[in-house]
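Report on the structure given below.
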Amino acid sequence: MKNNHLVFFLILTVISTFKTQIVSSEPSLTTNERPDNETIYKVSKQLCWNCMGESRQFLYAHNLVRAAKMEAPLIWDYQLEKYAMWWAGRCRAGCRLAHSFPEGDFTLGENIYWGSGTAWTPADAVQAWADEEKYYSYKSNSCEEGQQCGHYTQIVWKNTRQVGCARVVCDNGDVFMTCNYYPPGNYIGQRPY
């Protein structure tokens, strides 16, 4: 029975992933047309060639973790992604973990990942956060002393519905990734699921 639920949530994840397709407002080019330099420049400024694939990796990895706890899959939110890109862009030249939010009064959940070298993927970040589950006790709703669990509990937080993430390669060659969640989780005294 539990495997049937897991399959159901994986199917929902696939469906929500397809809903995240970007529809460009730029005119499409047919195979008979050759783009001019101005069109190539405009399109290249609008697209992040790896972002769509990375967003799917982030979303899929999150929803696998959530499915294991029978939580509804998250959907990708482009506003959260935009904020994550803004935050990750500020860290590109050297991460400053103390940061100020852009204008606006909002509260988000956030997970941050840093890895030495350029090979780290969105799945690696989500797996590192999910691995904190081994330190979390549902019975006592607490984390093992000296360990972190907040990244994991944010991923599986029952009321969280949206996620947006970004991955950048920093100027020093390391990778910085951040995900933002809405509504946020990790409220003291509440269980994540």
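Return the residue satisfying two criteria in turn: it lies in segment 90-117 and is at pLDDT 85 or above and of a type in the set (G, A, S), and of such residues it is most open to solvent (accessible area, probe 1.4 Å). Quick ask: steps written out before the conclusion?
Applying the first criterion (at pLDDT 85 or above) to segment 90-117 yields 107-117.
Then keep just the ones that are of a type in the set (G, A, S); that gives 109, 115-117.
Working: G109: 5, G115: 3, S116: 81, G117: 26 Å².
Out of the qualifying residues, it is S116.
For A166, state whether it is modelled with pLDDT of 95 or more, assigned to a strand (DSSP E or B) and open to solvent by less than 20 Å² (accessible area, probe 1.4 Å). Walk me through how you get there before you give the answer.
Details: modelled with pLDDT of 95 or more: yes; assigned to a strand (DSSP E or B): yes; open to solvent by less than 20 Å² (accessible area, probe 1.4 Å): yes.
When the stated conditions are applied, A166 passes them.
Can you confirm whether segment 122-135 contains a residue that is surrounded by fewer than 17 Cβ atoms within 10 Å (Cβ to Cβ), modelled with pLDDT of 95 or more, assigned to a loop (DSSP other than H, G, I, E, B) and in contact with a strand residue (DSSP E or B) (Cβ under 8 Å, 6 or more places away or on another chain)?
Taking every residue of segment 122-135 in turn, none turns out to be surrounded by fewer than 17 Cβ atoms within 10 Å (Cβ to Cβ), modelled with pLDDT of 95 or more, assigned to a loop (DSSP other than H, G, I, E, B) and in contact with a strand residue (DSSP E or B) (Cβ under 8 Å, 6 or more places away or on another chain).
Which pairs turn up if I take residues in segment 120-138 that are within 16 Å of T178 (Cβ to Cβ) and look for partners that are surrounded by 15 or more Cβ atoms within 10 Å (Cβ to Cβ) and acidic (D, E) with beta carbon separation below 9 Å, at least 6 apart in sequence or on another chain?
Close Cβ pairs satisfying both conditions: W120/D174; T121/E54; P122/E54.
Pairs needed: first member in segment 60-83, more than 26 Å from Y136 (Cα to Cα) and of a type in the set (K, R); second member anywhere, at pLDDT 95 or above and open to solvent by less than 30 Å² (accessible area, probe 1.4 Å); C-beta distance under 8 Å; at least 6 residues apart or different chains.
Close Cβ pairs (under 8 Å, with a partner that is at pLDDT 95 or above and open to solvent by less than 30 Å² (accessible area, probe 1.4 Å)) amount to K82/G164.
Considering only segment 171-193, how many residues are on the phi < 0 side of the Ramachandran plot and either of a type in the set (S, T, N, Q) or open to solvent by less than 10 Å² (accessible area, probe 1.4 Å) (or both)?
The first filter runs over segment 171-193 and keeps only residues on the phi < 0 side of the Ramachandran plot, leaving 171-172, 174-185, 187-188, 190-193.
Then keep just the ones that are either of a type in the set (S, T, N, Q) or open to solvent by less than 10 Å² (accessible area, probe 1.4 Å) (or both); that gives 172, 175-181, 190, 192.
So the answer is 10.
The values are calculated or read from the model by the stated rules, or taken from the named source; none is laboratory data. Just so we're clear, the structure is a prediction, and the values are computed from it rather than from any experiment. When we count neighbours, we look across all protein chains shown, and the Cβ atoms used for this are built from the backbone with ideal geometry, even at glycine. Ligands, DNA and RNA are stripped out before the accessible areas are found, and what is left, the full protein with its side chains, is counted by its heavy atoms. Shrake-Rupley method; radii C 1.70, N 1.55, O 1.52, S 1.80 Å.
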